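The values are calculated or read from the model by the stated rules, or taken from the named source; none is laboratory data. What you see is a predicted model; the values in this text were computed from it and never measured. For neighbour counting, all protein chains shown are included, and Cβ atoms are generated from backbone atoms with ideal geometry for every residue, glycine included. Side chains are part of the model used for accessible areas, which takes the heavy atoms of the whole protein and leaves out ligands, DNA and RNA. Shrake-Rupley method; radii C 1.70, N 1.55, O 1.52, S 1.80 Å.
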Amino acid sequence: MKIAIFTDTFYPDINGVAQTIKKFTNYLEGQHISFKVFAPNPVSNEYVSDHIHRLKSRSFFLYPECRLAFPNFIQVKSEIEQFSPDLIHVATPFTVGLCGVYFAKKFNIPIVGSYHTDFNDYLHFYDLEFLSNPLWKYMKWFHSPFKKLFVPSIDTLEKLKNRGFRNLEIFPRGVDCQLYHPNYQKEVVLNRYGISKSFLLTYVGRLAPEKDLKTLMKIANSLPPELNNQIHWLIAGDGPLLEELKITSLLNMTFTGYLKGVGLAEVYSATDLFIFPSPTETFGNVVLEALASGTPVIGANAGGVKHIISNGITGHLCEPGNPKDFVDRIVQLFGNDHYRNQMSLNARKYALTQRWDQIFDNLLNHYSDVIEEPSKKIYA
């Protein structure tokens, strides 16, 4: 089996889509399955591989961390002809994704796709609701040729099904429980960031409007003074709201910038509660990473997050945009150490069941079904 992957974001980009595709390509290498990734050239050239065809790109003004690619169709055509893939997987609906759709049709190569981001949910946070109808029309048109469209959660599947999307399959996310675990030394993190408080609350993610960081700041400002005096906040990530958040931040709040690898795992492990108010997640990779680290999560009861958190067991689900609901749950858990510790054990136990190898094995089975489909029709 030979697989061509077309994506507008890939490692070393720091986002859920790039991380998921990189995990998948690592798996393919381990299985000795041939693949070729077509992706924009990154700002950093720290990762070079013969498996990747990089495309000229520029920073996208609405989303500076992402690159807008300008594919050279002659070069891509040559690569496709030389590689001769059995299947094309399109991961994003932008210029690289359009390129993948074009060559799948041109060479009659079976095509599948994955739906990672619900951009329609973002519109509200940018006052762009008037674009909803044309956006849905484009997304439906773009994904219509796919033999299978892989979605990360039941919530996303139901949304797309109601919009008339076809050939939907669940493609959840796993977590590396060897990297993310509860056994790092908390003192290392406290010393690194100069923290002397008893409790650590953490947010990890892009610092952008769609993550509803206004609610996060309201939560931080609404905690009872006697509890607030014992708490320090770590905000891990970067994005367009960084400077604004720093201006309005509290004295007990530290901005770490983007974290990855062991540095990120240590922060999760040292954290007492992970706070995640974003209502726009199709899945929520950071939530699963926190749970793997034995950290209970208080998150918005929306999107894919509501399918990861078992309410009252591994964390709590709160009404989106309601800071009081979040504050009440934080106070409740810090007032009951036994309950919080049991949640921590439950969180780790659940994460251990979310294995990438099983998820990718299932994805390859879907690939095989799509590749073999023409022959099945002939011999039916």
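The table below lists the values:
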{"read-out": "Qualifying residue in the range 235-254 (condition: out of contact with any Leu (no Cβ under 6 Å at 6 or more places or on another chain) and open to solvent by less than 10 Å² (accessible area, probe 1.4 Å))", "value": "yes"}
{"read-out": "Total residues in the range 216-233, condition surrounded by 22 or more Cβ atoms within 10 Å (Cβ to Cβ) and touching a helix residue (DSSP H, G or I) at 6+ places or on another chain (Cβ under 7 Å)", "value": "3"}
{"read-out": "Filter pass, GLY261 being at pLDDT below 95, on the phi > 0 side of the Ramachandran plot and either of a type in the set (Ser, Thr, Tyr) or open to solvent by less than 20 Å² (accessible area, probe 1.4 Å) (or both)", "value": "no"}
{"read-out": "The range 69-86, residues that are surrounded by fewer than 22 Cβ atoms within 10 Å (Cβ to Cβ) and either part of a helix (DSSP H, G or I) or among the hydrophobic types (A, V, I, L, M, F, W, C) (or both)", "value": "PHE70, PHE73, ILE74, GLN75, VAL76, LYS77, SER78, GLU79, GLU81, GLN82, PHE83"}
{"read-out": "First in the range 145-171 and without any contact (Cβ under 8 Å) to a residue 40 or more places away in the chain and open to solvent by 70 Å² or more (accessible area, probe 1.4 Å), second anywhere and outside any helix (DSSP H, G or I) and of a type in the set (Ser, Thr, Tyr), Cβ under 9 Å, 6 or more apart", "value": "ARG166/SER144"}
{"read-out": "Subset of the range 178-203 (residues that are over 24 Å from ALA220 (Cα atoms), open to solvent by less than 70 Å² (accessible area, probe 1.4 Å) and in contact with a Ser or Thr (Cβ under 9 Å, 6 or more places away or on another chain))", "value": "TYR180, HIS181, PRO182, TYR184"}
{"read-out": "Among the candidates ASN336, ASN301, ASN285, ASN322, residue that is touching a Gly at 6+ places or on another chain (Cβ under 7 Å) and either within 26 Å of ALA220 (Cβ to Cβ) or crowded, with 24+ Cβ neighbours inside 10 Å (or both)", "value": "ASN285"}
{"read-out": "Total residues in the range 212-246, condition over 28 Å from ILE14 (Cα atoms) and out of contact with any strand residue (DSSP E or B) (no Cβ under 9 Å at 6 or more places or on another chain)", "value": "7"}
{"read-out": "Number of the condition not met by LYS2 [criteria: (1) of a type in the set (D, E, K, R); (2) in contact (Cβ under 8 Å) with a residue 24 or more places away in the chain; (3) more than 22 Å from ASP369 (Cα to Cα)]", "value": "(3)"}
{"read-out": "Residue identified as buried (at least 21 other Cβ atoms within 10 Å of the Cβ), touching a residue at least 24 places away in the same chain (Cβ under 8 Å) and touching a helix residue (DSSP H, G or I) at 6+ places or on another chain (Cβ under 7 Å) among TYR126, TYR115", "value": "TYR115"}
{"read-out": "Selection status of ASP325, over 27 Å from GLU169 (Cβ atoms) and over 18 Å from the mean Cα position of the chain (by Cα)", "value": "yes"}
{"read-out": "Neighbours by Cβ (under 7 Å, 6+ apart or cross-chain): first from the range 327-344, in contact (Cβ under 8 Å) with a residue 40 or more places away in the chain and charged (D, E, K, R); second assigned to a helix (DSSP H, G or I) and open to solvent by less than 30 Å² (accessible area, probe 1.4 Å)", "value": "ARG340/LEU333"}
{"read-out": "Selection from the range 3-32 of residues that are of a type in the set (S, T, N, Q) and under 15 Å from LYS260 (Cα atoms)", "value": "ASN15, GLN19, THR20"}
{"read-out": "Residue within the range 346-353 that is more than 24 Å from LYS22 (Cβ to Cβ), touching a strand residue (DSSP E or B) at 6+ places or on another chain (Cβ under 8 Å) and buried (at least 19 other Cβ atoms within 10 Å of the Cβ) present", "value": "yes"}
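Residues checked against (1) closer than 23 Å to PHE10 by Cβ; (2) modelled with pLDDT under 95; (3) among the aromatic types (Phe, Trp, Tyr):
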| site | (1), (2), (3) |
| --- | --- |
| GLY100 | yes, no, no |
| GLY113 | yes, no, no |
| LEU131 | no, yes, no |
| GLU169 | yes, no, no |
| CYS177 | no, no, no |
| TYR184 | no, no, yes |
| VAL189 | no, no, no |
